[in-house]
Amino acid sequence: MNKLKKTLALVATLAMATSAFASCGGDDPSSSTATSAPATSAPESSEEESSEEESSEEESEEESEAEDESEAEDGEEDSEAEDEGEAEPVVAKGSTEVGEVSLGTGGATFTVAAWNADDVPAMLEQWKSVTGTSDDKINFINFDVGGGQASEKYDALFNDNADLDVYFCEADWALKYINDDTKTAPLEQLGFTDDNFADIYGYTDEIGKDSNGVRKGVSWQAAAGGFAYRADLAEQYLGVTSPEEMQAKIGNWEDFVATAEDIAEQSGGATALADTLGGMWQVFAATRTTPWVVDNALNIDSSCQQFADYAKRLWDCGGVTKNPQWDPSWYASGQDDSAMGFFVSTWGFGDAILAQAAGGEGGATYGKWKVCQGPSPYFWGGTWIVVNPATDNAEEAQSFIKTFTVDPATIKEYALSKPEYCNNMAVMEEIVNSGENPNEYVTNLLDGQNYFEVLHENAKKINLNGLITPYDATIKSDFIDIVQAQYLESGASWDDTQIAFMEKVSGDIPDLG
């Protein structure tokens, strides 16, 4: 405990030194500091600011001119687009040409494994139509379990030296395999280069690389999310009649919390703005600008207390429901007016979350929803395709990956037919600008709104450069569990909550110092 208290004292000191981070990390998603680059140092002290003020006017003028020139360059494209009356389109940069494979070929059976059948069957059907591959060549291993249970299933396959060519990894535990050269092969061994993936969203590329920066996995989907809300309740309590007006009410975290408090007060605590504490945390955690682990030690930055304080304000006033995610009560809250909004990622707009929360087609609130960007850009989930180094079907693996992550024509086909928000900026820009309807079931749920447009804006702003560690899923889960149990339900102090959090992480991840 003495070690923990010393660590806590150090963390508190660092938090005081970086107090300004809280506002730039979670308040304004339009701010470049909120979404562009991780913080590398604490804000300067008042003494340093005084010293800067005493610096020469000439130096200040030079810096100002440099900033003006930089801003002018950054804004040049926007200004030209405004002059033309429309946004500058994203131009495809990626190459569809791939090289030779250097892994095994000629195998009798192409084996693909995943934890469920949500994606693979549809992908295999399209891939077969593109390549002419016969059914007897393909073996799909469907574990039919939750994503978190897939890891042990994969381990069993590897332990048994079972036939396996391509398999799918979830974001929370992908690095376990991506960082293991005996389990995943570099994609360059399948003939892929950086040029092939020039159009994918940057955050997905970060997750697909190992600790040495080698690309081992690639995702066909960009699991960006937005904030889906009941348009009828928003008009009743907030007087808003469009997603743009709703976004103005909740466009940063302070506004989101204040709006939730307003709704709770007006409704007498009957209607919460936020669906779950876990949903809020999924989104807020994406605003971190420092990694969870620094120098092999847990890093509790000032955003942690900021979230806990926001959560307490909403927990106490009824601005967030107390329903657990995936519980029947969570879905029911979308129909009984107890929750106005749900944080929903790409895959959640159908029956996985939102359509089910509305009661399905013809349900109590089907057609009464809209979606806006929400208080900050985020992603939730996602799946990465990786290749077993022992594959004997490298050519098929290359073709499969190319179909869904490199070739614009087949990516677009999958995006509109599945439908899926795919991991290619140029393709998704083309779809959004064309106004093509990705899914009538979902757009009718959203009263005609095209949700791809909203996801496109958030996906472009997500940045994980330098922020990913192999421990993120465990640490994030431990944090929200401790905050709810200690800070919200038991009324513990923030210092005691931090100690409990550190003890929990220490028990779950003994390797951390």
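Brief remarks follow.
- Residue selected from segment 408-417 under the condition open to solvent by 30 Å² or more (accessible area, probe 1.4 Å) and touching a residue at least 12 places away in the same chain (Cβ under 8 Å), by the criterion farthest from Gly363 (Cα to Cα): Pro408
- Looking across segment 261-277, the residues that are surrounded by 20 or more Cβ atoms within 10 Å (Cβ to Cβ) and part of a helix (DSSP H, G or I) come down to Ile263, Ala264, Leu277.
- Screening Val90 against (1) more than 23 Å from Phe192 (Cα to Cα); (2) among the hydrophobic types (A, V, I, L, M, F, W, C); (3) buried (at least 17 other Cβ atoms within 10 Å of the Cβ); (4) at pLDDT below 95 leaves a single unmet condition, (1).
- Subset of segment 488-502 that is open to solvent by 30 Å² or more (accessible area, probe 1.4 Å) and without any contact (Cβ under 8 Å) to a residue 12 or more places away in the chain - its residue that is nearest to Trp281 (Cα to Cα): Glu489
- Failed item in (1) free of Cβ contacts under 8 Å to residues at least 12 places away in the same chain; (2) in contact with a strand residue (DSSP E or B) (Cβ under 6 Å, 6 or more places away or on another chain), with Asp160 passing the rest: (2)
- Tally of residues being more than 19 Å from Val483 (Cα to Cα), polar (S, T, N, Q) and outside any helix (DSSP H, G or I) across segment 315-339: 3
- Qualifying residue in segment 340-358 (condition: open to solvent by 10 Å² or more (accessible area, probe 1.4 Å), more than 22 Å from Trp115 (Cα to Cα) and in a loop (DSSP other than H, G, I, E, B)): no
- Residues satisfying the stated conditions in segment 231-240, i.e. without any contact (Cβ under 8 Å) to a residue 40 or more places away in the chain and open to solvent by 30 Å² or more (accessible area, probe 1.4 Å): Glu235, Gln236, Gly239
- Residue in segment 241-251 that is assigned to a helix (DSSP H, G or I), touching a Cys at 6+ places or on another chain (Cβ under 6 Å), buried (at least 24 other Cβ atoms within 10 Å of the Cβ) and on the phi < 0 side of the Ramachandran plot present: yes
- Enumeration of residues in segment 440-459 that are open to solvent by 10 Å² or more (accessible area, probe 1.4 Å) and among the hydrophobic types (A, V, I, L, M, F, W, C): Val454
- Any hit, segment 443-461, residues being over 22 Å from Ser345 (Cα atoms) and either touching a helix residue (DSSP H, G or I) at 6+ places or on another chain (Cβ under 7 Å) or in contact (Cβ under 8 Å) with a residue 60 or more places away in the chain (or both): no
- Segment 153-180 - residue that is of a type in the set (D, E, K, R) and either open to solvent by less than 30 Å² (accessible area, probe 1.4 Å) or within 16 Å of Thr474 (Cα to Cα) (or both) and, of those, modelled with the lowest pLDDT: Asp172
Rundown of residues vs (1) open to solvent by 20 Å² or more (accessible area, probe 1.4 Å); (2) assigned to a loop (DSSP other than H, G, I, E, B), yes/no style:
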residue	(1), (2)
Thr259	no, no
Gly279	no, no
Val283	no, no
Thr289	no, yes
Ser303	no, no
Gln306	yes, no
Tyr310	no, no
Arg313	yes, no
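- Of residues in segment 183-230 being in a helix (DSSP H, G or I) and polar (S, T, N, Q), the one most open to solvent (accessible area, probe 1.4 Å): Gln189
The rows are residues; the columns are (1) outside any helix (DSSP H, G or I); (2) farther than 30 Å from Phe284 by Cβ; (3) open to solvent by 10 Å² or more (accessible area, probe 1.4 Å); (4) at pLDDT below 95.
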site: Ser376; (1), (2), (3), (4): yes, no, no, no
site: Val386; (1), (2), (3), (4): yes, no, no, no
site: Ala397; (1), (2), (3), (4): no, yes, no, no
site: Lys402; (1), (2), (3), (4): no, yes, yes, no
site: Pro419; (1), (2), (3), (4): yes, no, yes, yes
site: Val432; (1), (2), (3), (4): no, no, yes, yes
site: Pro438; (1), (2), (3), (4): yes, no, no, yes
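The values are calculated or read from the model by the stated rules, or taken from the named source; none is laboratory data. Worth saying up front: this structure is predicted, and the values here are computed from it rather than measured. Virtual Cβ from ideal backbone geometry, glycine too; neighbours counted across all protein chains shown. For the accessible areas, the whole protein counts, side chains as well, though only heavy atoms, and no ligand, DNA or RNA atoms are used. Shrake-Rupley method; radii C 1.70, N 1.55, O 1.52, S 1.80 Å.
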